[in-house]
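Here's the structure, in structure tokens; my notes come after.
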């Protein structure tokens, strides 16, 4: 994994200190923010590790604020292991959710997977109906080089994972994608657990793309993308 500027948002020193040391041993530049205000005022990072239980601002609010201004990959680190917390975090724009306690190797693997998706979204290539750098389906245009999406001429802001998911759909418009296939193609994993992550990101895509771009649910299979001409 390429070394990165990492923002660690964690108020508990017993967790933050060894984590900072472990990340630094991997070559990463780590900025530690002990609370939400410090996180929002921190220098721009290439990846954010975000605890939810902060002393001043709820971690979900920090996630929302970071996502509103940036597409930086965000991994939530939390003792909250309930599905509703995971779903809310993903809906707010987090790219992954890791429940405490966790091992450093697992965290590094998650960081690698998230950054790999981000890099793939920025550099993805493939067949195009516009030119070598864009995919178009009716009113939907996906600019692969600039990592931008527009619907009927209006730009749509997506997270890196949402962008990669949309690219997967747009490469084969009208084709059915199973949830497990999307996990493999977009999240680069053969994980056989809950596919709720896929459902949450598809729901977010639907909201952002609006009525002119339709992601159909195919009962018992998964999803497919269609768009207005």
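Of the residues making up region 137-175, those that are under 24 Å from residue 200 (Cα atoms) and either in a loop (DSSP other than H, G, I, E, B) or without any contact (Cβ under 8 Å) to a residue 12 or more places away in the chain (or both) number 16.
Of everything listed in (1) modelled with pLDDT of 95 or more; (2) surrounded by fewer than 20 Cβ atoms within 10 Å (Cβ to Cβ); (3) closer than 19 Å to residue 90 by Cβ, the single unmet condition for residue 20 is (3).
Conditions (1) in contact with a helix residue (DSSP H, G or I) (Cβ under 7 Å, 6 or more places away or on another chain); (2) more than 26 Å from residue 164 (Cα to Cα); (3) not assigned by TED's automatic domain parsing to the domain that holds residue 201, marked per residue:
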| position | (1), (2), (3) |
| --- | --- |
| 27 | no, yes, yes |
| 51 | yes, no, yes |
| 103 | no, yes, yes |
| 108 | no, no, yes |
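Go over the candidates 44, 91 one by one and state the one that is farther than 22 Å from residue 208 by Cβ and not assigned by TED's automatic domain parsing to the domain that holds residue 161. 44 is the lone residue from the list that is farther than 22 Å from residue 208 by Cβ and not assigned by TED's automatic domain parsing to the domain that holds residue 161. Within region 215-226, the residues that satisfy the criterion of being in contact (Cβ under 8 Å) with a residue 12 or more places away in the chain and either part of a loop (DSSP other than H, G, I, E, B) or surrounded by 14 or more Cβ atoms within 10 Å (Cβ to Cβ) (or both) are 215, 221, 222, 223, 224, 225, 226.
Among 50, 54, which is the only one that is closer than 20 Å to residue 116 by Cβ and modelled with pLDDT of 85 or more? Please lay out each step first, then the result.
On the way: 54 fails: closer than 20 Å to residue 116 by Cβ.
Checking each option against the conditions leaves just 50.
Just so you know, in region 119-132 the residues that are more than 15 Å from the chain's Cα centre (by Cα) and surrounded by 15 or more Cβ atoms within 10 Å (Cβ to Cβ) include one that is modelled with the highest pLDDT, and it is 124. For region 141-161, name all the residues that are crowded, with 23+ Cβ neighbours inside 10 Å and modelled with pLDDT of 90 or more. Matches in region 141-161: 142, 149, 158. Remark: pairs (first residue in region 53-64, closer than 10 Å to residue 94 by Cβ; second residue exposed (fewer than 15 other Cβ atoms within 10 Å of the Cβ) and at pLDDT below 95; Cβ separation under 9 Å; 6+ apart in sequence or on different chains) = 59/53.
The values are calculated or read from the model by the stated rules, or taken from the named source; none is laboratory data. Model, not experiment: these values are computed from the prediction. Don't worry about glycine lacking a Cβ; one is built from the backbone with ideal geometry, like all the others, and counts go over all protein chains shown.
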